[in-house]
Amino acid sequence: MEESSYRLISFCGFFLLCGMGWITGSRAEIKKETLLGSFFLAWALGALTFWFSGSRAALQWINDTLISLLNASFKGAVFLFGPLALGPGQTLPDGTPSVGFILAFQVFPSVIFFSALLGGLYYLGIMQKVVGLFSRVFHRILSLSGAESLAASVNLFVGIESGLTVRPYLSKMTRSELLTLMTCMMATVASTVMGIYVIALQKTFPNIAGHLVSASLISIPCAILISKLFYPELDRPETFGKPAENSNESSEHKGLMPAMVEGGTQGVKMAAGIATVLIIVLGLEALFDLILGMLPEFDGQPFSAVRLSGWITYPFTILLGLKPEEWEVASKILGSRFIETEVSAYFTLASIQATEAAISLRSMTIMTYSLCGFVHISSMGIFVGGLSALVPSRANEVSIVGLQALWTSFLATLLTGCIAGCLAN
């Protein structure tokens with residue numbers, strides 16, 4: 001088939017995924033303003049990303065800026081860890097070569113550095129202004145409540161920390177608001193961990209950083225669209241028709257450096273959390289694979305957790321508009337994200353691109369956009385646990401909504417992938 005046919009599949013896949021979200025949800029009456037607003041905003045952002053030279057130049061600038069920040073973060077890592085912090089092929093000034101790729105020493109320092117920068121930007125009041133701008137846009141265009149708009153905009157930059165910004169409203173949020181909040185949390189990625197994906201794909205996808213920012217931005221209206229299709233607003237939110245106040249604890253520090261140190265400390269906790277989750281999840285996966293290995297082989301290969309999840313995601317891979325010969329590889333990557341986290345999925349994608357099984361640049365773009373989100377079992381546990389701690393009185397409800405958000409956020413990231421598949425050059 002011609003490429004235009006695959007683009008058409010991506011376009012049709014977008015609506016089929018929306019239909020899945022509605023059919024599997026409450027199927028209640030949907031607010032047209034929010035539905036149409038989120039639909040047009042998602043596609044408008046996609047068109048800006050892929051069709052306009054000015055936007056591409058902006059993405060290139062964002063990409064170069066993020067790469068420069070990553071390089072800056074390596075300075076401290078190399079000082080502390082020496083050759084352990086060097087990526088494959090890099091050398092120290094004295095000629096000492098890298099010992100190979102080590103996730104903890106070469107990736108996690110960027111998480112700490114980005115988190116420190118974010119703390120400094122909050123102290124200076126810059127982040128509040130940026131978040132406030134996006135919040136007003138979402139509030140007016142999408143007819144969301146003030147709390148929803150604030151939560152959606154904050155999720156462009158942070159992860160579980162976004163719950164802190166709407167903490168005063170959590171106890172009175174409607175079920176629909178809560179689902180939208182958790183869907184946005186899981187369908188986007190925090191800027192503090194974006195460097196991990198850049199490191200994974202920079203060699204095979206040079207402009208990856210700019211596209212990751214774009215993917216996270218497009219995923220916000222997609223998350224709102226699918227969450228409202230699944231569970232429309234049936235009540236009147238407390239902050240309906242008015243903006244919610246954006247507060248952040250970093251602004252309470254007495255100086256810029258204390259704020260950055262506090263941000264860096266939070267980054268250490270985040271890096272430790274990521275490491276903990278990876279160790280636990282990959283260990284449990286290996287244990288599960290041992291159990292599955294006792295079963296008879298199927299098609300000459302043993303059963304595994306990733307293989308089973310790949311079968312489940314196979315039909316969704318077709319809807320993304322990929323070529324038939326790429327369906328199996330892509331479904332395994334999507335399935336691995338659900339089990340092993342998006343970090344592992346991005347590194348798997350990068351490793352595949354270095355082999356004969358490499359997929360096309362268009363498909364690479366689709367997968368990059370589709371994987372851009374915390375859509376996996378471990379993140380659901382983290383988000384449910386974090387929000388439950390903020391509002392203990394609704395812990396049971398948060399647990400139920402968390403399972404629903406895992407489904408809606410999965411669909412939301414695929415919607416983002418469909419937009420990329422339809423519009424990418």
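Sorted ascending by nearby beta carbons within 10 Å, beginning with the fewest, S4, S304 become S4, S304. Here the gap between Q60 and L8, fully extended at 0.36 nm per residue and compared with their Cα-Cα distance, gives a gain of 16.0 nm. Ignoring solvent entirely, what values of log10 I(q)/I(0) come out of the Debye formula for the chain at 0.14 Å⁻¹ when each Cα is a single scatterer? The calculated log intensity ratios at q = 0.14 Å⁻¹ are -1.37. Taking 0.36 nm per residue of sequence separation and removing the Cα-Cα distance, the I23/E297 pair yields an extension gain of 95.1 nm. Summary value for the range 283-375: 23 percent relative contact order, contacts being C-alpha pairs under 8 angstrom separated by 6+ residues. Remark on K31: its backbone amide H falls under 5 Å from those of E233, a criterion applied only to residues 5 or more positions apart or on other chains, H modelled at 1.01 Å from N. In the range 128-160, which residues have a backbone nitrogen under 16 Å from the label point lying 7 Å from E397's Cα in the Cα-to-Cβ direction? Correct set: 147-148. For the peptides 207-217, 41-51, the ranking by mean Cβ contacts within 10 Å, running from highest to lowest, is 207-217, 41-51. Each of L320, A275, A187 was placed along the dipole of the chain (beta-carbon charges, centred on the mean Cα), and the one lying farthest toward the positive end is A187. Past 25 Å, Cα to Cα, is the threshold; run K32/K323; K31/K332; K172/K269; K203/K323; K75/K332; K75/K254 against it and keep the listed order. With Cα atoms farther than 25 Å apart: K32/K323; K31/K332; K172/K269; K75/K332; K75/K254. Sorting R362, R337 from the fewest to the most surrounding beta carbons within 10 angstrom yields R362, R337.
Between F81 and L290, the FRET efficiency estimated from the beta carbon spacing at R0 = 30 angstrom works out to 0.35. From the residues S363, T49, I339, which one has its Cα farthest along the dipole of the range 3-423 in the positive direction, the dipole being from +1 and -1 charges on Cβ of Lys/Arg and Asp/Glu about the Cα centre? With unit charges placed on the Cβ atoms, the residue in question is T49. Per residue of the chain, the DSSP helices (runs of n ≥ 4 H) give a summed -39500 (n - 2.57) that works out to -23500 deg cm²/dmol at 222 nm. Projected label points at A358 and Y314, each 7 Å from Cα along the beta carbon direction, are separated by 2.7 nanometres.
Bear in mind these aren't lab numbers, they're just calculated from the coordinates by the rules spelled out. Values in this document were obtained by computation on a predicted structure and should not be read as measured data. Using ideal geometry, Cβ is built from the backbone for each residue, glycine included, and neighbour counts are taken over all protein chains shown.
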